[in-house]
Amino acid sequence: KKDPRDFALWKGVPDDAEHPLPVWSTPWGTGRPGWHLECSAMATTYLGSQFDIHGGGLDLVFPHHENELAQSRAAGDEFARYWLHNAWVTTAGEKMSKSLGNSLIIEQVLQRVRPIDLRWYLVASHYRSNLEFSDDALAESAASFQRIENFVLRAGARTNATDALGDVYDRLPAEFVDAMNDDLGVPAAVAVLHHHVTEGNRLLNSGSDDEALANELRTVRAMLDVLGVDPFASHWESADDQSDAAQTALSALISDQLAARKQARADKDFAKADEIRDSLTAAGIALEDGPDGTRWSLATEQ
């Protein structure tokens, strides 16, 4: 790393040397490819002499990626059209990595949060921004997504806009497309998404015509689809059958409570109605009274 020209294409070792890594015999002697050459060889073997995107962490720009590009171009390959260098997921201000022993196991994280909430947490920030992982930040992000999801589910229940989207890109707002085309500007794209969710909630709560609501829902779903978090996508709907069964059972139990609350209100027994509401709130169930009746959702921290 003392000079831009100082990197190894091939690392030689004596024929009789004991070496923990595999070595090969060549006309130039026994040895193995350098780190940079290994990656150029793998990329061109599986992706061809030119491919669309080469990714990696910001710490790999020099020397690794610069050397990959130099040797591949020298060999006559066009190599990558675009380079995307991501910042890190950090814990306690340190880069998360296997070598530091501070990596998080996905299966363990998914015991605390749904897969779709975790994906939203990871995708909603810009890829070149550091993401400091904490349970509090994850919970806050999940609550934000669940407010979006709540609109999608409520609007879907009132319209028939829960089917396959078809050509998603025909439904994307121009501002969303411009943001994503500007170096994958997801934060700006998410701002467009929130604007349309707000408009969708206005249509939903005002009782406006269902056609306008369905169009807004499809627009929101198209943006969520690009980000990989459309709640009506088949891979999310079938991700966890056991969770679906638990949700069905929970819905049945809460429906009984809501029916009892409705009857208490009809009987003007407001103390009883408040008691049922308070017991559901204590159990982590949020109620929302509207012109179409009462809807419930799992309460999230605000």
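Checking the structure you have, find out if any residue of region 155-163 is loosely packed, with under 14 Cβ neighbours inside 10 Å, free of Cβ contacts under 8 Å to residues at least 60 places away in the same chain and hydroxyl-bearing (Ser, Thr, Tyr).
No, the conditions are met nowhere in region 155-163.
Under 9 Å between Cβ atoms, which residue pairs at least 6 apart in sequence (or on different chains) link something in region 273-285 that is polar (S, T, N, Q) with a partner that is surrounded by 12 or more Cβ atoms within 10 Å (Cβ to Cβ)?
Going by the 9 Å Cβ cut-off, the qualifying pairs are Ser279/Gln257; Ser279/Ile285; Thr281/Leu287; Thr281/Ala299.
Which one is surrounded by the most Cβ atoms within 10 Å (Cβ to Cβ), of the residues in region 254-270 that are of a type in the set (S, T, N, Q) and modelled with pLDDT of 85 or more?
Within region 254-270, the match that is surrounded by the most Cβ atoms within 10 Å (Cβ to Cβ) is Gln257.
For residues that are more than 29 Å from the chain's Cα centre (by Cα), exposed (fewer than 14 other Cβ atoms within 10 Å of the Cβ) and among the hydrophobic types (A, V, I, L, M, F, W, C), scanning just region 42-88, find the one that is farthest from Trp24 (Cα to Cα).
Ala74
Only one residue in Pro63, Pro27 is of a type outside the set (Ser, Thr, Tyr) and farther than 28 Å from Thr90 by Cα, so which one is that?
Pro27
Can you tell me which of Leu193, Leu213, Leu204 is modelled with pLDDT under 90, in a helix (DSSP H, G or I) and either within 18 Å of the chain's Cα centre (by Cα) or buried (at least 19 other Cβ atoms within 10 Å of the Cβ) (or both)?
Leu204
Within region 136-145, is there a residue that is free of Cβ contacts under 8 Å to residues at least 60 places away in the same chain and in contact with a helix residue (DSSP H, G or I) (Cβ under 6 Å, 6 or more places away or on another chain)?
Yes, region 136-145 contains at least one residue that is free of Cβ contacts under 8 Å to residues at least 60 places away in the same chain and in contact with a helix residue (DSSP H, G or I) (Cβ under 6 Å, 6 or more places away or on another chain).
Give me a count of the residues in region 216-248 that are at pLDDT 85 or above and outside any helix (DSSP H, G or I).
Residues in region 216-248 being at pLDDT 85 or above and outside any helix (DSSP H, G or I): 6 in total.
The values are calculated or read from the model by the stated rules, or taken from the named source; none is laboratory data. Note that the structure is predicted; figures quoted are calculated from it, not measured. Neighbour counts run over all protein chains shown; Cβ positions are idealised from the backbone, glycine included.
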